[in-house]
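The values are calculated or read from the model by the stated rules, or taken from the named source; none is laboratory data. Source: prediction; values computed, not measured. A quick note on method: Cβ atoms are made from the backbone with ideal geometry, for glycine too, and the neighbour counts reach across all protein chains shown. Note: accessible area is taken over every heavy atom of the protein model, side chains too, but ligands, DNA and RNA are not part of it. Shrake-Rupley method; radii C 1.70, N 1.55, O 1.52, S 1.80 Å.
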Amino acid sequence: MTAAPGAAAPHQSLAYRRDIDGLRAVAVLSVVFYHARLPGFGGGFVGVDVFFVISGYLITQIILPEVERGRFSMLGFYERRIRRIFPALFVVLLAVLAIGCALLLPDDLVELSRSTVATTFFAANFHFLSQAGYFDAPSWTKPLLHTWSLAVEEQFYIVFPPLLLLAKRKLGGHYLALTWATVAVSLAACIVGTNNFRDADFYLAPTRAWELGIGSLLAMGAVRAPGSRALRELAAAAGLAGILYAVTRYGESTKFPGVTALPPVLGSALLLWAGTNGTSAVGRLLSTRPAVFVGLISYSLYLWHWPLLVYASYVPVRVLRVPEALGVIALSAVLATLSFRYIERPFRGARSRFDRAVMFRGGVGVSLATAAAALAIAASGGLPWRIDAQVAALEATRDEKSQIAWCNFHRDVHGPKLWARELGDPNAERASFIVWGDSHACVLAGAIDSLARQSARRGHLAAGGGCPPLLLDGDSVHNDICESTNQRVMRELTSDPGMRDVVMIGRWGLYFEGHGYGPEQVREPIELAGHDGSGPHRHEVLAHSLVETARRLAAAGKRVWVVGPVPEVGFDVPAVLARARMLRRTVDVAPALSDFLARQHAVLATLAELEGAPSIHVLLPHELLCGAQSCDVIREGRPLYWDDDHLSRAGVSVVLPLLQPIFAQTQDRAAVE
């Protein structure tokens, strides 16, 4: 076959390569072990990026020769996609939905139903992106979260074939030029997005397309095949090293994708490239029977493992121990093997007894049926008849988070509205206090509002999720809106002598430690420039910032009230309690006081330093929330939290006496001061 203009070289052979299935095995096991939280696989999420490169490589090998010969058919292309994707996917979707009807709380079942609809129409990435907010449920409670990657691939396949047709018909067959341009634009957007729109960068096809495009470029012969065995050996070894480095060295704090996606993506490309016209030691390793077998079942294994892990942890309402996680992985492998043999294979290949018409009618039918079932479950409210009144009351506590939906700084930090909410008596002559902080400040704002009204005082709330009331001396903050608005809040405070009281509230342990509590996975809200984000240096920087911010306010004549840390639980408290009752299990998720003191050691030491300073007062919620051994999560049958770290109305009522001294001083005494 003669190379088309712009193709640079003949396309690679369509001959089966065992090493590619071995590479699939590396990809899927990396993801599975990462999701199972096995030690040493903190960066296993890059397995998805390996899959993207492989997919781009193989799909281009299949469709580009057809495009060049004028034989490409969109119907034929999507028939192959339906045969490859639909059978196993919809079996898993229906199984996950059925299990969810038995196990999940109504709210969780509604969310599963909505994500099922999104997955059915390959829009899961948009669905989960819309849930990537600060207050959203953690990833390990979403059984279909992993299907976002399928959506990215299918969206790429909607655009890529027409681009190849465009290149043939309008650009003289310059496939390489168009693909290089696509890769360059997508990679640039990915790098920029990682620093500014990380959630969108992670989930959306335009910022992931370059990874599939790298595979496409290889299939187009953009790089001449290695001409010597030594070069193949070196390329294969370097490629595997790039992937393993990312798998073992990356973690939750890694800025990803963007530049950090290059090692696994280029590593995958090197492995594919090294095997184009010969073998290597790494290639032979990837071609062994166990590796090839795992690669063959990798699609079904990817589909099954995550919902099983989610459900397995949902029942005991805790993170799985390593032996338990390994057991779930083994079960996933068994189901994946059966799925490959009896669900995937009968629909694939020229010998399949299901013709094109059957595949399209079946594909449409199963999609509509699955979506209809999921929508019916969602419309019912998650089959609420399955739970009793106490479970319903516990679950209803989770809805309290809707009361702080307004908890964010104004998006235009230079606009006229600085305050998130007005507090206290609207008839008071002027505002005399401010509550400044993050979502924990929003939670306490209602109680402070009531106390202020009783004292006939008016004030402001300046609060935003993940935005501590700190001035960080030039260190970079993850959200520059927080940094800019905090600077503006400080200017407003220091320039207004009538603003007498400043209440500083934050989830201090999260900022000081740089990570969530226990099993909670939360993005680091403060990123310290030129630093790995943890350890003594972080404590020193945050402690200095807290002390200096409070002292600067006191020096400006303000009474400063620093509210200390609320104990974190690590689990969605009302959900865990409701789930346990529904499943007739007993649970104890109350954090030990010793754990709280250990996590908050640097925070409490800093607050102790502040406590003796003039005009600075420290209020410690844990003194009312904790006993001698542990910190309460429920009192008199009412959860004290509406998630894992935000107090519910019942929890706020417990700490209310702590806040009363802020407004206990009379206006006459304040005037004297």
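Looking only at the stretch 607-631, how many residues end up being under 23 Å from Gln660 (Cα atoms) and either open to solvent by less than 10 Å² (accessible area, probe 1.4 Å) or touching a strand residue (DSSP E or B) at 6+ places or on another chain (Cβ under 7 Å) (or both)? Talk me through it step by step, then tell me what you get.
So the first thing to find is which residues in the stretch 607-631 are under 23 Å from Gln660 (Cα atoms), and the list is 607-627, 631.
Retained after the next criterion (residues that are either open to solvent by less than 10 Å² (accessible area, probe 1.4 Å) or touching a strand residue (DSSP E or B) at 6+ places or on another chain (Cβ under 7 Å) (or both)): 607, 610-611, 615-619, 621-622, 625, 631.
The qualifying residues number 12.
Have a look at Val319, Val292, Val282, Val364 and point out the one that is within 29 Å of the chain's Cα centre (by Cα) and either under 30 Å from Ala237 (Cβ atoms) or not hydroxyl-bearing (Ser, Thr, Tyr) (or both).
Numbers: Val292 fails: within 29 Å of the chain's Cα centre (by Cα); Val282 fails: within 29 Å of the chain's Cα centre (by Cα); Val364 fails: within 29 Å of the chain's Cα centre (by Cα).
Just one listed residue meets the conditions, Val319.
Listed residues Arg81, Arg37; which is charged (D, E, K, R), in a helix (DSSP H, G or I) and touching a helix residue (DSSP H, G or I) at 6+ places or on another chain (Cβ under 8 Å)?
Working: Arg37 fails: in a helix (DSSP H, G or I).
On inspection, the qualifying residue turns out to be Arg81.
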Subset of the stretch 151-188 (residues that are under 31 Å from the mean Cα position of the chain (by Cα), among the hydrophobic types (A, V, I, L, M, F, W, C) and buried (at least 20 other Cβ atoms within 10 Å of the Cβ)):
Ala151, Val152, Phe156, Phe160, Val183, Leu187
Any residue in the stretch 189-217 that is of a type in the set (Phe, Trp, Tyr) sitting within a Cβ distance under 6 Å of a residue that is part of a helix (DSSP H, G or I)? List the pairs, counting only those 6 or more apart or interchain.
Tyr203/Asn125; Tyr203/Leu129; Tyr203/Trp148; Trp210/Val183; Trp210/Ser186; Trp210/Leu187
Only one of Ala374, Ala393, Ala379 is open to solvent by 40 Å² or more (accessible area, probe 1.4 Å) and more than 21 Å from Asp644 (Cβ to Cβ), namely Ala379
I'd like the full set of residues that are exposed (fewer than 15 other Cβ atoms within 10 Å of the Cβ) and more than 36 Å from the chain's Cα centre (by Cα), limited to the stretch 487-503.
Ser495, Pro497, Gly498
Cross-chain or 6+ apart pairs with Cβ under 8 Å, the stretch 606-619 first and in contact (Cβ under 8 Å) with a residue 12 or more places away in the chain and assigned to a loop (DSSP other than H, G, I, E, B), then of a type outside the set (A, V, I, L, M) and buried (at least 17 other Cβ atoms within 10 Å of the Cβ)
Ser615/Lys558; Ser615/Arg559
Assuming Gly239 fulfils every condition listed in (1) of a type outside the set (A, V, I, L, M, F, W, C); (2) open to solvent by 50 Å² or more (accessible area, probe 1.4 Å); (3) farther than 20 Å from Ser186 by Cα apart from one, which condition is it?
(2)
Restricted to the stretch 189-200 and to residues being more than 17 Å from Ile481 (Cβ to Cβ) and open to solvent by 40 Å² or more (accessible area, probe 1.4 Å), the residue modelled with the lowest pLDDT is Val192
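Of the residues that sit in the stretch 75-117 and are hydroxyl-bearing (Ser, Thr, Tyr) and within 14 Å of Lys142 (Cβ to Cβ), which one is nearest to the chain's Cα centre (by Cα)?
Start the filter on the stretch 75-117 by keeping residues that are hydroxyl-bearing (Ser, Thr, Tyr), which leaves 78, 113, 115-116.
Now restrict to residues that are within 14 Å of Lys142 (Cβ to Cβ): 113, 115-116.
Details: Ser113: 19, Ser115: 15, Thr116: 18 Å.
Of everything passing the filter in the stretch 75-117, Ser115 is nearest to the chain's Cα centre (by Cα).
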Restricting attention to the stretch 316-371, which residues are in a loop (DSSP other than H, G, I, E, B) and open to solvent by 50 Å² or more (accessible area, probe 1.4 Å)?
Arg318, Arg321, Arg348, Gly349, Ala350, Arg351, Arg353, Asp355
Of all residues in the stretch 434-459, count the ones that are charged (D, E, K, R) and in contact (Cβ under 8 Å) with a residue 60 or more places away in the chain.
2
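With the requirement that a residue be touching a strand residue (DSSP E or B) at 6+ places or on another chain (Cβ under 6 Å) and either among the acidic types (Asp, Glu) or assigned to a loop (DSSP other than H, G, I, E, B) (or both), what does the stretch 545-563 give you? Let's see the steps before the verdict.
Let us first name the residues in the stretch 545-563 that are touching a strand residue (DSSP E or B) at 6+ places or on another chain (Cβ under 6 Å), namely 550, 553-554, 558-563.
Scanning the stretch 545-563 gives a single hit, Lys558.
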Among the residues of the stretch 72-104 satisfying the criterion of being of a type in the set (Gly, Ala, Ser) and surrounded by fewer than 18 Cβ atoms within 10 Å (Cβ to Cβ), which is farthest from Thr120 (Cα to Cα)?
Ser73
In the stretch 571-588, residues that are surrounded by fewer than 20 Cβ atoms within 10 Å (Cβ to Cβ) and in a loop (DSSP other than H, G, I, E, B) total 6
The lone exception for Val503 - which of (1) of a type outside the set (Ser, Thr, Tyr); (2) at pLDDT below 90; (3) within 23 Å of Leu659 (Cβ to Cβ) it fails:
(2)
How many residues does the stretch 272-282 hold that are assigned to a helix (DSSP H, G or I) and open to solvent by 10 Å² or more (accessible area, probe 1.4 Å)?
3
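State yes or no: is Val655 of a type in the set (Val, Ile, Thr), assigned to a helix (DSSP H, G or I) and either at pLDDT below 90 or within 21 Å of Gly465 (Cα to Cα) (or both)? Outline the logic, then answer.
On the way: of a type in the set (Val, Ile, Thr): yes; assigned to a helix (DSSP H, G or I): yes; either at pLDDT below 90 or within 21 Å of Gly465 (Cα to Cα) (or both): yes.
Considered against the rule, which asks whether it is of a type in the set (Val, Ile, Thr), assigned to a helix (DSSP H, G or I) and either at pLDDT below 90 or within 21 Å of Gly465 (Cα to Cα) (or both), Val655 comes out as yes.
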